[in-house]
1. Could you please put 189, 89 in sequence from largest to smallest accessible area, using a 1.4 Å probe?
2. In nm, what is the difference between 0.36 nm times the number of residues separating residue 235 and residue 25 and their Cα-Cα distance?
3. Check residue 85: other-chain or 5+ apart residues with amide H under 5 Å from its amide H, H built from backbone geometry?
4. Suppose a student asked you for the relative contact order of the chain, using Cα pairs under 8 Å spaced at least 6 residues apart; what percent would you report?
5. Please state the shape class of the stretch 185-262: rounded when a/c is under 1.5, otherwise prolate if a/b exceeds b/c and oblate if not, all from the C-alpha gyration tensor.
6. Where does the longest stretch of the chain lie that holds no trypsin sites (Lys or Arg not before Pro) found in a DSSP loop with 10 or fewer other Cβ atoms within 10 Å?
7. Over the chain, with every protein chain in place, what whole percent of the accessible area is carbon and sulfur at 1.4 Å, could you tell me?
8. I'd like to check one number: the per residue accessible area of the chain, probe 1.4 Å, reported in Å² as a whole number.
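The values are calculated or read from the model by the stated rules, or taken from the named source; none is laboratory data. Every value quoted in this text rests on a predicted model; they were computed, and no experiment measured them. Virtual Cβ from ideal backbone geometry, glycine too; neighbours counted across all protein chains shown. For the accessible areas, the whole protein counts, side chains as well, though only heavy atoms, and no ligand, DNA or RNA atoms are used. Shrake-Rupley method; radii C 1.70, N 1.55, O 1.52, S 1.80 Å.
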Amino acid sequence: MSIALICQQWDPAPWLEALLAADPELDIQVYPDIRAPENVEFALCWKHPAGSLAQFPNLKAVSSLGAGVDHLFNDPEFPVAMPVCRVVDPDLTQGMFEYVLTGVLYFQKHFQQFASQQQSRRWQRIISPYCRDYRVAVLGLGVLGGYCAQHLAGLGYGVSGWSQSQKELAGVECYAGVENLGAAVADADVVVCLLPLTEQTRGILATPLFAKMQPGACLINVARGQHLNEVDLLQALDSGQLGGALLDVFEIEPLPENHLFWHHPQITITPHCSSVTNPKSAAAQLVDNYRRLRSGRPLLNQVDWQRGY
Ligand SMILES: NC(=O)c1ccc[n+]([C@@H]2O[C@H](COP(=O)([O-])OP(=O)(O)OC[C@H]3O[C@@H](n4cnc5c(N)ncnc54)[C@H](OP(=O)(O)O)[C@@H]3O)[C@@H](O)[C@H]2O)c1
(Lines give C-alpha, C1' and ligand atoms only; values in the text may rest on other atoms or scores of the structure.)
Protein backbone atom coordinates (compact mmCIF):
# COMPACT_ATOMS: atom_id res chain seq x y z
CA MET A 1 0.00 0.00 0.00
CA SER A 2 1.26 3.50 -0.63
CA ILE A 3 1.04 7.25 -0.15
CA ALA A 4 0.51 9.71 -3.02
CA LEU A 5 2.40 13.00 -2.68
CA ILE A 6 0.70 15.73 -4.74
CA CYS A 7 2.34 19.16 -4.51
CA GLN A 8 3.21 20.33 -8.01
CA GLN A 9 3.62 23.97 -6.92
CA TRP A 10 6.33 22.95 -4.45
CA ASP A 11 9.52 20.95 -4.81
CA PRO A 12 8.51 17.44 -3.61
CA ALA A 13 12.14 16.44 -2.84
CA PRO A 14 12.31 17.81 0.76
CA TRP A 15 8.95 16.17 1.52
CA LEU A 16 10.06 12.84 0.10
CA GLU A 17 13.30 13.01 2.04
CA ALA A 18 11.59 13.94 5.33
CA LEU A 19 8.86 11.28 4.98
CA LEU A 20 11.40 8.56 4.18
CA ALA A 21 13.58 9.71 7.09
CA ALA A 22 10.53 9.20 9.34
CA ASP A 23 9.90 5.74 7.85
CA PRO A 24 12.30 4.33 5.22
CA GLU A 25 9.83 1.51 4.45
CA LEU A 26 7.18 3.84 3.02
CA ASP A 27 6.11 3.46 -0.59
CA ILE A 28 5.52 7.02 -1.83
CA GLN A 29 4.28 7.80 -5.34
CA VAL A 30 4.92 11.40 -6.41
CA TYR A 31 2.23 12.88 -8.65
CA PRO A 32 2.04 12.85 -11.66
CA ASP A 33 4.28 9.72 -11.75
CA ILE A 34 1.71 7.41 -10.26
CA ARG A 35 2.71 3.79 -11.04
CA ALA A 36 0.00 1.93 -9.16
CA PRO A 37 -3.00 4.12 -8.32
CA GLU A 38 -4.87 1.16 -6.83
CA ASN A 39 -2.24 0.97 -4.04
CA VAL A 40 -2.77 4.53 -2.82
CA GLU A 41 -4.58 4.73 0.54
CA PHE A 42 -3.43 8.13 1.76
CA ALA A 43 -2.88 11.32 -0.28
CA LEU A 44 -0.74 14.23 0.94
CA CYS A 45 -1.81 17.30 -1.01
CA TRP A 46 -1.04 20.93 -1.56
CA LYS A 47 -3.28 22.47 -4.25
CA HIS A 48 -3.80 19.20 -6.10
CA PRO A 49 -5.28 19.46 -9.60
CA ALA A 50 -9.08 19.29 -9.33
CA GLY A 51 -10.33 15.77 -9.96
CA SER A 52 -6.90 14.17 -9.58
CA LEU A 53 -7.91 12.18 -6.49
CA ALA A 54 -10.53 10.28 -8.49
CA GLN A 55 -7.81 8.02 -9.92
CA PHE A 56 -7.27 6.35 -6.51
CA PRO A 57 -10.02 3.72 -6.04
CA ASN A 58 -8.72 2.69 -2.58
CA LEU A 59 -8.09 6.15 -1.12
CA LYS A 60 -9.05 6.22 2.58
CA ALA A 61 -7.93 9.67 3.78
CA VAL A 62 -6.38 12.91 2.57
CA SER A 63 -4.07 15.28 4.41
CA SER A 64 -3.27 18.85 3.57
CA LEU A 65 0.46 19.60 3.66
CA GLY A 66 -0.38 22.90 5.37
CA ALA A 67 -2.73 24.25 8.04
CA GLY A 68 -5.44 25.26 5.56
CA VAL A 69 -7.79 22.80 3.87
CA ASP A 70 -9.73 25.18 1.61
CA HIS A 71 -7.64 24.04 -1.38
CA LEU A 72 -9.03 20.52 -0.83
CA PHE A 73 -12.66 21.51 -0.41
CA ASN A 74 -12.44 23.85 -3.41
CA ASP A 75 -12.11 20.81 -5.68
CA PRO A 76 -15.70 20.17 -6.90
CA GLU A 77 -14.74 16.51 -7.38
CA PHE A 78 -13.29 16.07 -3.88
CA PRO A 79 -14.53 12.66 -2.62
CA VAL A 80 -17.55 13.33 -0.40
CA ALA A 81 -17.09 12.58 3.32
CA MET A 82 -13.45 11.49 2.83
CA PRO A 83 -11.58 11.92 6.15
CA VAL A 84 -9.40 15.03 5.90
CA CYS A 85 -6.50 16.07 8.13
CA ARG A 86 -4.18 19.03 8.20
CA VAL A 87 -0.80 19.95 9.61
CA VAL A 88 -0.68 21.35 13.13
CA ASP A 89 2.94 21.99 13.87
CA PRO A 90 4.81 24.09 16.46
CA ASP A 91 7.22 25.45 13.82
CA LEU A 92 4.31 26.63 11.65
CA THR A 93 2.68 28.29 14.66
CA GLN A 94 5.89 29.97 15.86
CA GLY A 95 6.67 31.17 12.30
CA MET A 96 3.22 32.75 12.05
CA PHE A 97 3.58 34.46 15.41
CA GLU A 98 6.96 35.93 14.39
CA TYR A 99 5.46 37.27 11.15
CA VAL A 100 2.40 38.76 12.89
CA LEU A 101 4.58 40.38 15.55
CA THR A 102 6.79 41.87 12.83
CA GLY A 103 3.68 43.24 11.11
CA VAL A 104 2.26 44.73 14.29
CA LEU A 105 5.61 46.41 15.09
CA TYR A 106 5.86 47.65 11.50
CA PHE A 107 2.67 49.65 11.94
CA GLN A 108 3.17 50.49 15.62
CA LYS A 109 6.66 51.88 15.00
CA HIS A 110 5.54 53.78 11.86
CA PHE A 111 7.85 51.95 9.46
CA GLN A 112 5.29 52.38 6.69
CA GLN A 113 5.48 56.18 7.07
CA PHE A 114 9.29 56.12 7.37
CA ALA A 115 9.60 54.12 4.13
CA SER A 116 7.48 56.73 2.38
CA GLN A 117 9.44 59.61 3.98
CA GLN A 118 12.68 58.03 2.79
CA GLN A 119 11.38 58.04 -0.79
CA SER A 120 11.05 61.83 -0.59
CA ARG A 121 14.15 62.36 1.64
CA ARG A 122 11.97 63.79 4.36
CA TRP A 123 13.33 63.88 7.96
CA GLN A 124 10.36 63.87 10.28
CA ARG A 125 10.21 62.19 13.67
CA ILE A 126 7.05 60.34 14.61
CA ILE A 127 6.78 59.17 18.17
CA SER A 128 5.33 55.68 18.46
CA PRO A 129 3.21 54.17 21.25
CA TYR A 130 4.40 51.48 23.65
CA CYS A 131 2.90 47.98 23.41
CA ARG A 132 0.72 48.72 26.44
CA ASP A 133 -0.97 51.53 24.52
CA TYR A 134 -1.38 49.60 21.28
CA ARG A 135 -4.29 47.28 20.54
CA VAL A 136 -4.46 44.26 18.26
CA ALA A 137 -7.58 42.31 17.26
CA VAL A 138 -7.08 38.76 16.03
CA LEU A 139 -9.85 37.24 13.89
CA GLY A 140 -9.71 33.48 14.37
CA LEU A 141 -8.57 32.06 17.71
CA GLY A 142 -7.58 28.59 16.56
CA VAL A 143 -4.13 27.03 16.62
CA LEU A 144 -2.46 30.02 14.93
CA GLY A 145 -4.69 32.93 15.97
CA GLY A 146 -4.99 31.73 19.56
CA TYR A 147 -1.23 31.45 19.90
CA CYS A 148 -0.63 34.87 18.32
CA ALA A 149 -3.29 36.53 20.50
CA GLN A 150 -1.94 35.05 23.73
CA HIS A 151 1.70 35.79 22.93
CA LEU A 152 0.94 39.37 21.87
CA ALA A 153 -0.92 39.80 25.16
CA GLY A 154 2.11 38.34 26.94
CA LEU A 155 4.25 41.09 25.40
CA GLY A 156 1.91 43.70 26.85
CA TYR A 157 -0.33 44.51 23.87
CA GLY A 158 -4.03 45.08 24.46
CA VAL A 159 -5.52 42.11 22.60
CA SER A 160 -9.02 41.15 21.57
CA GLY A 161 -9.94 38.05 19.61
CA TRP A 162 -12.89 36.73 17.66
CA SER A 163 -13.97 33.18 16.97
CA GLN A 164 -17.01 31.07 16.18
CA SER A 165 -17.39 29.62 19.68
CA GLN A 166 -16.63 31.51 22.88
CA LYS A 167 -13.02 31.17 24.09
CA GLU A 168 -11.19 31.98 27.29
CA LEU A 169 -7.58 32.93 26.68
CA ALA A 170 -5.28 34.53 29.25
CA GLY A 171 -4.96 38.28 28.65
CA VAL A 172 -7.27 38.27 25.61
CA GLU A 173 -10.72 39.86 25.44
CA CYS A 174 -12.59 37.12 23.61
CA TYR A 175 -15.65 37.67 21.44
CA ALA A 176 -17.67 35.13 19.49
CA GLY A 177 -20.24 35.19 16.72
CA VAL A 178 -21.11 37.59 13.90
CA GLU A 179 -23.02 39.88 16.25
CA ASN A 180 -19.83 40.58 18.25
CA LEU A 181 -17.41 41.15 15.39
CA GLY A 182 -17.79 44.94 15.68
CA ALA A 183 -16.97 44.90 19.39
CA ALA A 184 -13.91 42.72 18.73
CA VAL A 185 -12.33 45.18 16.27
CA ALA A 186 -13.69 48.53 17.53
CA ASP A 187 -10.63 49.67 19.51
CA ALA A 188 -7.93 47.90 17.52
CA ASP A 189 -4.96 49.70 15.99
CA VAL A 190 -4.27 46.56 13.93
CA VAL A 191 -6.64 43.78 12.87
CA VAL A 192 -5.04 40.43 12.01
CA CYS A 193 -6.98 37.89 9.94
CA LEU A 194 -6.23 34.26 10.84
CA LEU A 195 -9.55 32.72 9.88
CA PRO A 196 -9.95 29.63 7.74
CA LEU A 197 -11.54 30.23 4.34
CA THR A 198 -15.15 29.01 4.46
CA GLU A 199 -18.43 30.19 2.97
CA GLN A 200 -18.98 32.21 6.20
CA THR A 201 -15.60 33.95 6.15
CA ARG A 202 -15.11 34.53 2.40
CA GLY A 203 -15.02 38.30 1.74
CA ILE A 204 -15.16 39.20 5.45
CA LEU A 205 -12.40 41.83 5.08
CA ALA A 206 -14.61 44.38 3.34
CA THR A 207 -16.31 47.75 3.79
CA PRO A 208 -18.79 46.66 6.54
CA LEU A 209 -15.90 45.42 8.70
CA PHE A 210 -13.63 48.37 7.87
CA ALA A 211 -16.45 50.73 8.94
CA LYS A 212 -16.46 49.06 12.37
CA MET A 213 -12.72 49.74 12.82
CA GLN A 214 -11.39 53.04 14.12
CA PRO A 215 -10.23 55.43 11.34
CA GLY A 216 -6.58 54.87 10.44
CA ALA A 217 -6.41 51.31 11.83
CA CYS A 218 -4.29 48.82 9.89
CA LEU A 219 -4.94 45.36 8.50
CA ILE A 220 -2.75 42.26 8.37
CA ASN A 221 -4.08 39.41 6.22
CA VAL A 222 -2.19 36.16 6.65
CA ALA A 223 -5.14 33.84 6.07
CA ARG A 224 -6.38 33.64 2.47
CA GLY A 225 -6.68 36.18 -0.35
CA GLN A 226 -10.38 35.38 -0.74
CA HIS A 227 -11.05 36.81 2.73
CA LEU A 228 -10.31 40.26 1.35
CA ASN A 229 -12.42 42.40 -0.96
CA GLU A 230 -9.58 44.09 -2.83
CA VAL A 231 -11.69 46.98 -4.20
CA ASP A 232 -13.03 47.76 -0.73
CA LEU A 233 -9.49 47.77 0.66
CA LEU A 234 -8.32 50.32 -1.92
CA GLN A 235 -11.32 52.54 -1.16
CA ALA A 236 -10.75 52.27 2.61
CA LEU A 237 -7.06 53.22 2.23
CA ASP A 238 -7.83 56.10 -0.11
CA SER A 239 -10.53 57.48 2.21
CA GLY A 240 -8.31 57.13 5.30
CA GLN A 241 -10.66 54.64 6.95
CA LEU A 242 -7.68 52.27 6.98
CA GLY A 243 -4.09 53.44 7.51
CA GLY A 244 -2.22 50.55 5.92
CA ALA A 245 -2.30 46.90 4.98
CA LEU A 246 0.25 44.12 5.20
CA LEU A 247 -0.83 41.33 2.88
CA ASP A 248 0.71 37.88 2.56
CA VAL A 249 -2.10 36.24 0.59
CA PHE A 250 -4.00 37.30 -2.52
CA GLU A 251 -7.01 36.38 -4.59
CA ILE A 252 -4.68 35.50 -7.47
CA GLU A 253 -1.22 34.16 -6.62
CA PRO A 254 1.37 35.05 -7.74
CA LEU A 255 0.02 38.61 -7.63
CA PRO A 256 -0.22 39.71 -11.29
CA GLU A 257 2.47 42.17 -12.41
CA ASN A 258 -0.08 44.84 -13.31
CA HIS A 259 -1.95 44.64 -10.00
CA LEU A 260 -2.61 48.03 -8.30
CA PHE A 261 -1.40 46.69 -4.95
CA TRP A 262 2.25 46.57 -6.10
CA HIS A 263 2.60 50.35 -6.19
CA HIS A 264 0.24 51.38 -3.41
CA PRO A 265 2.22 53.29 -0.76
CA GLN A 266 0.08 51.93 2.07
CA ILE A 267 0.21 48.29 1.03
CA THR A 268 3.10 46.02 1.95
CA ILE A 269 3.30 42.72 0.13
CA THR A 270 4.93 39.41 1.05
CA PRO A 271 4.62 36.41 -1.30
CA HIS A 272 2.53 33.95 0.77
CA CYS A 273 5.38 33.03 3.08
CA SER A 274 4.21 34.28 6.48
CA SER A 275 4.60 30.72 7.73
CA VAL A 276 5.49 27.76 5.58
CA THR A 277 5.24 24.11 6.64
CA ASN A 278 8.65 22.67 7.43
CA PRO A 279 8.75 19.12 5.98
CA LYS A 280 11.28 18.03 8.62
CA SER A 281 9.01 18.96 11.50
CA ALA A 282 5.69 17.94 9.86
CA ALA A 283 6.73 14.53 8.44
CA ALA A 284 6.42 12.61 11.72
CA GLN A 285 2.74 13.52 12.18
CA LEU A 286 1.93 12.67 8.55
CA VAL A 287 3.57 9.26 8.92
CA ASP A 288 1.85 8.80 12.27
CA ASN A 289 -1.50 9.47 10.61
CA TYR A 290 -0.73 6.98 7.85
CA ARG A 291 0.01 4.32 10.49
CA ARG A 292 -3.17 5.23 12.34
CA LEU A 293 -5.15 4.94 9.11
CA ARG A 294 -3.70 1.51 8.41
CA SER A 295 -4.40 0.22 11.91
CA GLY A 296 -7.90 1.75 12.12
CA ARG A 297 -7.07 4.22 14.91
CA PRO A 298 -8.47 7.80 15.00
CA LEU A 299 -6.56 10.30 12.85
CA LEU A 300 -4.82 13.33 14.33
CA ASN A 301 -5.75 16.89 13.33
CA GLN A 302 -8.85 15.83 11.45
CA VAL A 303 -11.06 18.65 10.14
CA ASP A 304 -14.82 18.83 10.26
CA TRP A 305 -16.46 18.42 6.85
CA GLN A 306 -19.59 20.29 7.94
CA ARG A 307 -17.68 23.35 9.25
CA GLY A 308 -15.16 23.28 6.41
CA TYR A 309 -12.15 23.72 8.73
N1 LIG B 1 -0.29 32.68 4.90
C2 LIG B 1 0.19 31.53 5.29
O3 LIG B 1 1.33 31.21 4.95
C4 LIG B 1 -0.63 30.64 6.17
C5 LIG B 1 -0.01 29.61 6.88
C6 LIG B 1 -0.78 28.80 7.70
C7 LIG B 1 -2.15 29.00 7.81
N8 LIG B 1 -2.75 30.00 7.10
C9 LIG B 1 -4.20 30.24 7.22
O10 LIG B 1 -4.55 30.38 8.58
C11 LIG B 1 -5.82 29.77 8.78
C12 LIG B 1 -6.05 29.51 10.26
O13 LIG B 1 -5.25 28.43 10.71
P14 LIG B 1 -5.46 27.73 12.13
O15 LIG B 1 -4.58 26.56 12.17
O16 LIG B 1 -5.35 28.73 13.22
O17 LIG B 1 -7.00 27.29 12.00
P18 LIG B 1 -7.95 26.69 13.14
O19 LIG B 1 -7.14 26.11 14.25
O20 LIG B 1 -8.93 25.81 12.44
O21 LIG B 1 -8.71 27.97 13.74
C22 LIG B 1 -9.67 28.66 13.04
C23 LIG B 1 -10.28 29.73 13.95
O24 LIG B 1 -11.19 30.52 13.17
C25 LIG B 1 -12.44 30.56 13.85
N26 LIG B 1 -13.54 30.64 12.88
C27 LIG B 1 -13.82 29.82 11.85
N28 LIG B 1 -14.94 30.22 11.20
C29 LIG B 1 -15.38 31.31 11.87
C30 LIG B 1 -16.48 32.17 11.71
N31 LIG B 1 -17.39 31.98 10.72
N32 LIG B 1 -16.64 33.20 12.57
C33 LIG B 1 -15.75 33.40 13.58
N34 LIG B 1 -14.67 32.62 13.78
C35 LIG B 1 -14.50 31.59 12.94
C36 LIG B 1 -12.52 29.27 14.64
O37 LIG B 1 -13.47 29.40 15.68
P38 LIG B 1 -13.74 28.17 16.70
O39 LIG B 1 -12.46 28.04 17.49
O40 LIG B 1 -14.87 28.62 17.53
O41 LIG B 1 -14.01 26.97 15.86
C42 LIG B 1 -11.08 29.13 15.10
O43 LIG B 1 -10.88 29.90 16.27
C44 LIG B 1 -5.74 28.53 7.90
O45 LIG B 1 -7.03 28.06 7.57
C46 LIG B 1 -5.01 29.04 6.68
O47 LIG B 1 -5.92 29.50 5.71
C48 LIG B 1 -2.01 30.81 6.29
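1. Numbers: 189 45, 89 5 Å².
Putting 189, 89 in descending order of accessible area: 189, 89.
2. Values: separation 210, 0.36 × 210 = 75.60 nm, distance 5.55 nm.
Result: 70.0 nm gained on full extension.
3. 62, 63, 64, 303
4. Numbers: 572 pairs, mean separation 52.9, N = 309.
Value for the chain: 17 percent.
5. Numbers: a/c = 1.81, a/b = 1.22, b/c = 1.48.
It is oblate, given that a/c is not under 1.5 and a/b is not larger than b/c.
6. On the way: sites that count: 35, 121, 122, 125, 307.
Between the exposed loop sites, the longest stretch runs 126-306.
7. Numbers: 7920 of 14880 Å².
Using a 1.4 Å probe with all protein chains present, the chain comes out at 53 percent carbon and sulfur.
8. Details: 14880 Å² over 309 residues.
Per-residue accessible area for the chain comes out at 48 Å².
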